[in-house]
Amino acid sequence: MNCTRARTEIALWAGGDLGDQETGRLERHVALCPQCREYRSRMAGSLRALQNPPPPLDANLHDSVWPQVASRLSVQSQHEAQRAERLNRWLPAAAVAAVCLAVIALTSEPEPRQQDIYGQSLPADRFTWGSPASPDDTFVRWQESTAGFGPAARPAARYELLPGVREWGQNSYSTDWRIPPLTAEELPAPEVRLRQR
Amino acid sequence: MPSETRNDKPLTADVRPAGGVGDARLVEEARHGDRDAFGELVKRYEQRLIRVILRFVHDDELARDLAQETFLRVFERLDQFDPSRRFGPWMFRIGVNLTLDYLRKRKRRIRWSLFSDSAGDKLPDPSAPDPRESLDTSQEVRSVIDRIPETYRSVLVLRDLEGFSTSEIAAIMNRKEATIRWRLAEARDRFQKLWIRHLEQTAGSTANHKMDNDV
């Protein structure tokens, strides 16, 4: 047994935490090692100070904390009941709304080309795709439904047409753009074909 | 020299008063919402828990508050309790962790307040009596224990002040018993060194004080 191991065991021995067999082995080492004997003496002295007598506690251990715990548990359960009640009140409406959203999501047709062709700067909710006059052309109808009528509301007043896009027909509240068939080289990048002024 | 290991009765063993029901049964009933069953568990363990917490916080009211918090958490987490294990160590684990968390937060707050206070406020008044002189041995022991790092202090307090066995501490701290035994040896070694140094300093200051008086 080396001294490092012996000192660990001395610390355990001093508090009564070493088995008989290990104690015998430790005794044999300590008998031959004056440093470990000195360590054992110091350890035993300090453990006596620690354990005998243990520091007293000025505690009130007679009054139970259960009344306070029970009262707080009651308050908690009241809050939980109120939360559950609120949830139950909103749950049917939330379920109906969720079903409606799911139905809308499932039945509505995706409009991927709109974003793909006209980019992010256009108000997607105000664009509707028209019927193409020819299979080679693509039409889009911009309809101002919230800004009112008059020249200021015309889309052309707020959007400039970039190369490759022609205005097809317009009135005070809607404009159709016709996009001619172009080769890949002629097509400007999707996000710059229409740009907000 | 002790010739054998301590054979204390396990302090966290399933508590079953004569004619009463065991912890496991009470836990099961409490899990099904029986408040009285949980109340019985609280009454069985509260004194022991408050004593353990007091060893760390040294404040009666605070220890009672932390014990209340512990029991509330225990109730909230009853669903997570493994009924094949003993209730006592699990409950003490929650209590000890809660207490150590509280102490860590308090330490951070104190550090911050020391940092933000002006240095002049911290200078001791030379005319005031040295408060260390009024400390009795138990307070001296406590002040030395408080200087030991938390990892070792927890084991030292639970073993040497509260008498839990190393296997119980292993269950409370959720560590292997071998780890706890190693930490216990290290904790006692650290206490021993700090205690000797403390005694030497005390002896030195007493001798200086005596010399001053003689002059």
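Which ordering of B:S84, A:S46 is given by a fewest-first count of other beta-carbon atoms within 10 Å?
Least to most surrounded, the residues fall as B:S84, A:S46.
Partner chain Cβ atoms within 10 Å, averaged over the residues of A:4-13 - can you pull that number for me?
Rounded to a whole number, the mean comes out at 4.
Considering every residue in A:16-25, what mean count of other chain Cβ atoms within 10 Å of its Cβ is obtained?
4
In percent, what relative contact order does segment A:1-104 have, based on Cα pairs under 8 Å that are 6 or more apart in sequence?
RCO, segment A:1-104: 22 percent.
How would you rank B:M91, B:M173, going from fewest to most other Cβ atoms within 10 Å of each one's own Cβ?
Fewest-to-most Cβ neighbours within 10 Å comes out as B:M173, B:M91.
Suppose R0 equals 45 Å. What FRET efficiency, 1/(1 + (r/R0)^6) with r the Cβ-Cβ distance, do B:D59 and A:R28 give to the nearest 0.05?
Between B:D59 and A:R28 the formula returns 0.45.
What ³J(HN,Hα) values, in whole Hz, does the Karplus curve 6.51 cos²θ - 1.76 cosθ + 1.60 give for segment B:175-185 when θ = phi - 60°, with x put for Gly and Pro?
With the stated coefficients, segment B:175-185 comes to 10, 6, 4, 4, 5, 5, 5, 5, 5, 5, 4 Hz.
Take every residue in peptide A:41-51, count the Cβ atoms of other chains within 10 Å of its Cβ, and give the average of those counts.
For this peptide, the per-residue mean of nearby foreign Cβ atoms is 6.
Long-range amide H contacts for B:V21: which residues qualify at under 5 Å (H placed 1.01 Å from N, peptide plane, sequence gap of 5 or more or a different chain)?
none
Fewest first, what order do B:I180, B:I110 take by the number of other Cβ atoms within 10 Å?
B:I110, B:I180
Each reported figure results from applying straightforward, stated rules to the coordinates on display, with no laboratory input. All of these numbers come straight from a predicted model, not from anything done at the bench. Note: ideal-geometry Cβ built from the backbone for every residue, glycine included; neighbour counts use all protein chains shown.
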